[in-house]
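What follows is a short report on a single structure.
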Amino acid sequence: MSRMPFYGLLILMICCGVAVSRGSLDPNVSLDSAREIWSDVLRDVDEFGLHATRVPAHKEMQLGAEIAAQIKTWGAEDPEASKYVTAVAQQLLPNVNRKSIRYQFHVIQAPQMNAFAIPGGHIYVLTGLLDFLESESELAAVVGHEISHVDLRHCIERYQYELALKKVGAGEAGAIVEVAHRLVAIGYNQYQESEADASGERLVIDAGYDPDAAAAVFERMKAQFGETTPPPATTPVGEFSQAVTQALGSYFQSHPPSEKRARDLSELVARNHDALAGKVVYKGVRNYHARIPRSVQEFAAEKHVY
């Protein structure tokens, strides 16, 4: 393990020492900046442990199957919608990095607007979110983001240490139920969400879908619903209390602010404008409303030159 994480931690401690005196916070010090430093430090420190406890694909999929069995009790699955989501997702999968993961896609009948992934490649979309989306390219963007959480190991990394210590495993039903709820109720780190957004965007572009679809979803979410995200917890107890929410909750409870994500995705596309210029992309509004995947039928009116 390199010395950089230690020095980063030392710098953070010094920064916090300057900012806090006798338990009071200097109002001129930005907590956002401290959190960003802390996130980077934790990522560096954690890297060694994550490699040391890395879970092979077959064990990850075993854990995923156990969690999926619990999620089945949360709501009925819509088989026709699941079939459509699977057909759209199949166009994204050729470009994932982890070829050994067998992905499965599910649509749960629930009014909330949400989508999430669990270890081992199970991806879930709630019908409330399907009702909000407007095109196949928007669905591809949502599914691509969730696939990326699995492909980038975000899902399994959250539980690697518990698996290594045998705190979670086959036959431990109570632990699996708790893990299933935590996966949905607790959001990813900000850098993980950014990575999944960028990776999902790559999957969408490589599949020939509209690159602007993801940003459009977040912009519409913000405009139509607004976001009443509670302030971040300042204590471990407060953080835990916030995390214990309804598992099938709002998309806003488990993801960062839509306005920022829309802006970041638009900037990402803009930086790749030269590579995208002249590329024929597919929107898929008609496909989406008819539930006819583009892989079955393409409509000329849905194509446009970027």
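Any read-out appearing in this document is the output of simple, stated calculations on the displayed coordinates, not a laboratory observation. Given the structure is predicted, the values throughout are model-derived calculations rather than measurements. FYI the Cβ positions are ideal-geometry reconstructions off the backbone, even for glycines, and counts take in every protein chain you see.
Structural remarks
- Qualifying trypsin sites (Lys or Arg not before Pro) for region 78-157 [loop in DSSP, other Cβ within 10 Å: at most 15]: 98, 99, 102
- Computed packing ranks the peptides 134-144, 289-299 as 134-144, 289-299, most packed first, by mean other Cβ atoms within 10 Å.
- With each label modelled as a point 7 angstrom along the Cα→C-beta vector, the residue 100-residue 134 pair spans 4.3 nm.
- Flagged links, alpha-carbon separation over 30 Å, of 222/303; 83/303; 260/283; 99/222; 59/83: 99/222
- Taking 0.36 nm per residue of sequence separation and removing the Cα-Cα distance, the residue 298/residue 189 pair yields an extension gain of 35.5 nm.
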